[in-house]
Amino acid sequence: MTKSLPDALILDRVETPVGVALIVVDEAGVLRAFDFADYEARMRRLMGRHYPGMDLTQGRAPEALRAAVTRYFEGDLAAFDGVAWATNGTAFQRQVWDALCTIPAGETLSYKGLAERIGKPSAMRAVGLANGSNPVAIVVPCHRVIGANGSLTGYGGGLPRKKWLLSHEGAAFKDAAAA
């Protein structure tokens with residue numbers, strides 16, 4: 001993952017079991033954003049902050065990336081391993097996002113655990129904010145961060161989607177809705 005400005009941003013849409021995925025890649029096919037159509041306005045605002053003045057052009061992501069999305073939702077939980085992604089967050093945000101990539105599918109980590117993992121055990125709130133600012137959801141698995149008591153906590157894509165993703169990956173969590 002690197003911090004850089006692309007020459008172009010291309011927006012593609014892929015159907016998934018949890019909604020239409022929005023995939024933004026640069027001219028080299030590097031993933032710059034992954035979100036869902038019901039949050040498109042938020043994603044566009046985020047892209048505007050990270051890449052001021054750049055337009056999103058409708059187009060097609062590389063077939064390998066589109067195939068990885070399909071494979072993940074069909075059950076290949078390693079489908080995003082090796083997907084090239086880049087962001088323009090702060091150094092701290094990128095540190096948190098790199099740490100998110102160390103949480104294997106089927107496992108979860110608390111915000112405290114994530115803060116400890118990056119060597120900043122008292123930075124739980126900052127870690128939570130960085131987690132919530134992740135522009136490449138699912139590929140950088142922010143959905144794998146849950147409350148210290150094992151409960152589902154906020155997720156930019158909505159708690160029902162987070163629940164689906166964690167269930168899809170076989171992760172354990174407390175479902176307050178089922179209680």
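Side notes on the structure shown:
- Residue order by solvent-accessible surface for M47, M54, M124 is M124, M54, M47, largest first, with ligands and nucleic acids left out and a 1.4 Å probe.
- Charge dipole (the chain, unit charges on Cβ, about Cα centre) - positive-most of G119, T87, V25: G119
- Segment 145-168 residues near the modelled E107 label - backbone nitrogen below 18 Å, point 7 Å along Cα→Cβ: 145-151, 166-168
- Check: segment 13-53 dipole with +1 on Lys, Arg Cβ and -1 on Asp, Glu Cβ, in debye: 220 debye
- Kirkwood Rh, Cα atoms: Rg over Rh of segment 7-59: 0.95
- In this structure segment 56-95 gives 50 Å² per residue of accessible area when probed at 1.4 Å with all protein chains present.
- Element breakdown for the chain at a 1.4 angstrom probe: carbon and sulfur atoms account for 54% of the accessible area.
- In the chain, helical runs assigned H by DSSP with n ≥ 4 each contribute -39500 (n - 2.57); averaged across all residues and rounded to the nearest 500, the mean residue ellipticity at 222 nm is -9500 deg cm²/dmol.
- About its Cα centre, the chain has a charge dipole of approximately 680 debye under the convention of +1 per Lys or Arg Cβ and -1 per Asp or Glu Cβ, with nothing else charged.
- Within the straight-line cut-off of under 17 Å between alpha carbons, the aspartates and glutamates reachable from K112 are D98, sequence neighbours fewer than 8 places apart in one chain being disregarded.
The values are calculated or read from the model by the stated rules, or taken from the named source; none is laboratory data. Since this is a predicted model, take the numbers as computed values, not measurements. Every residue, glycine among them, receives a Cβ derived from its backbone with ideal geometry; neighbour counts consider all protein chains shown. Protein only, heavy atoms only, side chains kept; ligands, DNA and RNA dropped before computing areas. Shrake-Rupley method; radii C 1.70, N 1.55, O 1.52, S 1.80 Å.
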